[in-house]
Amino acid sequence: MNPRFCLDFHKIGGFNVLRSILVASNPELKWRAADIIATLVQNYEDCQKAVLDADFLPILLNILDSEKENENVLVKTLFAVSALTRDNKDGQEHLLRSDGLSVILRVMCAHTSDRIKTKAAFMLSALCSSEPRASAELHRMGMVSMLVAIYKETEPCPSSEYVLSALLTLAKTNSEALKECCNSDLGLKEVLQARLKAMGNEERFMVQHFSGRWNQRSRGC
């Protein structure tokens, strides 16, 4: 999409329309509005800035915190927040200041949907990769134990791979998180060994990669 479209859309009052839809109660319109925001800002810094300046992030985070049932609303809102903050330091700063990390963690832990867990885990992994403060804050919030618990409870599926990827990224970017992964009380080593016997190729590679990191670190634990 041409980034000029986003700015022109803003000039003709499109942002006001999207805002009114997002704060309304119609879930079918709400998820479509969130999807439009994600499409407008994805990979375009000027568009990300325009949407951030228009204070859409608090509205999107409120939706994530308040929506309890509609999977499409949650998935598309996660998509919008992810697109708004990806590779954007200003967006990530807004997310940190708005306590957005805890909101995303709550969404991932509160819902059994594979799509929701996949989107949330992917976003958290990307944030850990690009913003060291995010890694430190997520570790402080207990992300290691949360992700391990989710991984243990989840049968092999697309989201389990993304959950493990997020855990691996956190362990690679935060030394305290890696130490916690070594804690025998967490039972991570046993879970990984058990999964190696049953995984498909892609997640098997991820488990082997994580096991290698665990073994390297555990020699010093």
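The values are calculated or read from the model by the stated rules, or taken from the named source; none is laboratory data. Remember, it's a predicted structure, so these values are computed and weren't measured experimentally. Here the Cβ positions follow ideal geometry from the backbone for every residue, glycine too, while neighbour counts run over all protein chains shown. Heavy atoms of the whole protein, side chains included, go into the accessibility calculation; ligands, DNA and RNA do not. Shrake-Rupley method; radii C 1.70, N 1.55, O 1.52, S 1.80 Å.
Sorted by mean Cβ packing within 10 Å, highest first, what order do the peptides 61-73, 77-89, 4-16 take?
77-89, 61-73, 4-16
I'd like the accessible area for Val75: 1.4 Å probe, protein heavy atoms, all chains in place, Å² to the nearest 10.
Spelled out: Val75, probe radius 1.4 Å, area about 10 Å².
Cα axis of helix 27-41 to longest principal axis of the chain: angle in degrees, 0 to 90, nearest 10?
The angle comes out near 90 degrees.
Say the dipole of the chain comes from +1 at the beta carbon of Lys and Arg and -1 at that of Asp and Glu; which of Ile12, Pro58, Met108 then lies farthest toward its positive end?
Farthest along the dipole direction, towards plus: Met108.
Stretched out fully, how many nm does the piece from Glu190 to Asn43 gain, at 0.36 nm a residue minus the Cα gap?
49.0 nm
Check the chain and count each lysine pair with an alpha-carbon distance under 15 angstrom, considering only pairs eight or more places apart or from different chains.
Lysine pair count for the chain: 13.
Specify, per residue and in Å³, the volume enclosed by the convex hull of the alpha carbon atoms belonging to region 1-96.
Looking at region 1-96, the number lands at 81 Å³ per residue.
What's the FRET efficiency of Lys179 with Ser102 using the Cβ-Cβ distance as r and R₀ = 22 Å, to the nearest 0.05?
The value I calculate is 0.50.
May I ask for the net charge around Trp31, where only other residues with Cβ less than 11 Å from the Cβ of Trp31 are counted and Lys, Arg are +1 while Asp, Glu are -1?
-1
What full-extension length gain, to one decimal in nm, is calculated for Ile21 and Ala149 as 0.36 nm per residue of separation minus the Cα-Cα distance?
Length difference between fully extended and current span is 42.5 nm.
Report Rg(Cα)/(2.2 N^0.38 Å) for the chain, keeping two decimals.
Normalised Rg, Cα atoms only: 1.08.
Positive end of the dipole of the chain, charges at C-beta (+1 Lys, Arg; -1 Asp, Glu), about the Cα centre: which of Leu22, Gly91, Ser159 has its Cα farthest in that direction?
Ser159
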